[in-house]
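Just below is one structure, and these are the notes that go with it.
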Amino acid sequence: MAGFDQKSNVVLSESKERVYSMDEGVEEIPLGLYLVKGDMIVLIGEIDEAVDQAVDLSTIRAEPIPPIRY
Amino acid sequence: MVHQQVTVELKNDLSITGVLKSVDQFLNIRLDNIKVLDEARHPHMMAVKNCFIRGSVVRYVQLPGDHVDTQLLEDATRREALNQAKR
Amino acid sequence: MDASSTGIQEPFDLIRLSLSERVFVKLRGDRQLSGVLHAYDGHMNLILSDVEETIMIVDVDEEVQPGAQRTVNVAKRKMDMLFVRGDGVILVSPPSRT
């Protein structure tokens with residue numbers, strides 16, 4: 001996280017998008033430097049890198065998280 | 001209510017339990033030591049220990065009932081209602 | 001106008017007089033709550049205790065026929081103490097006085 005503001009807009013460097021699906025492993029798309037608008041954010045979590053690296057993403061099958069409604 | 005164990009239910013039906021660290025003016029919530037309730041279905045946050053939840057996506061916050069002074073809440077609410085009415 | 005009088009002059013007075021009483025709350029997403037009201041604010045954020053939530057889930061049967069069968073599933077759960085965010089609140093109804 002390279003920066004943020006009052007409206008919880010955030011700037012991420014070296015960002016990656018993870019796409020979850022039931023049919024295949026997690027797809028990881030490198031995005032680089034991104035500004036993400038606060039409205040679109042549900043949650044920001046601090047990643048424990050040790051745990052994160054221990055997970056083999058290709059074995060993970062998961063439903064996408066349902067969208068926010070209302 | 002800070003440092004209590006709470007469960008935050010989001011508008012996408014996810015429930016996250018954790019220790020409440022802080023709440024701001026937008027009701028954004030910071031939780032420590034988090035756990036997603038249905039972890040088998042949502043493994044996305046395995047490596048996440050603490051987080052910031054945007055207030056606008058919160059549906060409910062479940063609180064530990066025995067740590068809430070309901071009398072205090074009701075008095076504060078009446079006082080606040082009175083202040084609003086005076087404007 | 002004497003704001004401290006107990007008469008009802010504005011909508012929020014109705015909620016104010018329901019403090020520490022059991023209220024019925026209708027929410028977005030086909031949810032409703034019944035609980036004892038302890039606090040609210042101008043956003044209709046609420047704090048309720050001894051809450052029962054009822055969620056209506058409508059399943060439309062797959063076989064599409066005229067006047068398709070609809071089954072309504074009702075899920076209920078109880079919660080000790082609950083904060084409800086105001087943006088989901090549709091209505092707050094005071095206790096029925098008998």
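The values are calculated or read from the model by the stated rules, or taken from the named source; none is laboratory data. Please read all numbers here as calculations on a predicted model, not as lab measurements. As a convention, Cβ positions derive from the backbone with ideal geometry for all residues, glycine included, and neighbour counts pool all protein chains shown.
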Only one of (1) modelled with pLDDT under 95; (2) within 12 Å of chain B (Cβ to nearest Cβ) is not met by C:A68, so which one is it?
(2)
Can you confirm whether region B:30-51 contains a residue that is closer than 25 Å to C:R31 by Cα and modelled with pLDDT of 90 or more?
no
Consider B:V58 carefully, then state whether it is within 11 Å of the chain's Cα centre (by Cα), more than 7 Å from every other protein chain (Cβ to nearest Cβ) and within 30 Å of C:S20 (Cβ to Cβ).
no
Quick one: in region C:9-37, which of the residues that are within 23 Å of B:V57 (Cα to Cα) and at the interface with chain B (Cβ under 10 Å from one of its Cβ atoms) is surrounded by the most Cβ atoms within 10 Å (Cβ to Cβ)?
C:L37
Inside chain A, counting only strands (runs of 3 or more DSSP E) that do not spill past its ends, which hold 1 or more residues that are farther than 27 Å from B:L27 by Cα?
A:10-19, A:27-36
With respect to A:D56, determine if the residue is surrounded by fewer than 12 Cβ atoms within 10 Å (Cβ to Cβ) and in contact with a helix residue (DSSP H, G or I) (Cβ under 9 Å, 6 or more places away or on another chain).
no
Inspect region A:12-27 for any residue being closer than 18 Å to B:C51 by Cα and surrounded by 15 or more Cβ atoms within 10 Å (Cβ to Cβ) and give the result as yes or no.
yes
For a quick check of your reading of the model, give me the residue pairs whose first member lies in region B:64-77 and is within 7 Å of chain C (Cβ to nearest Cβ) and at positive phi, whose second is acidic (D, E) and surrounded by 13 or more Cβ atoms within 10 Å (Cβ to Cβ), with beta-carbon atoms closer than 9 Å and at least 6 apart or on different chains.
none
Qualifying positions in region B:10-48 - among the charged types (D, E, K, R) and within 7 Å of another protein chain (Cβ to nearest Cβ)
B:K11, B:D13, B:R41
When the residues of region C:38-55 are narrowed to those that are farther than 16 Å from B:T70 by Cβ and in contact with a helix residue (DSSP H, G or I) (Cβ under 7 Å, 6 or more places away or on another chain), which ends up surrounded by the most Cβ atoms within 10 Å (Cβ to Cβ)?
C:M44
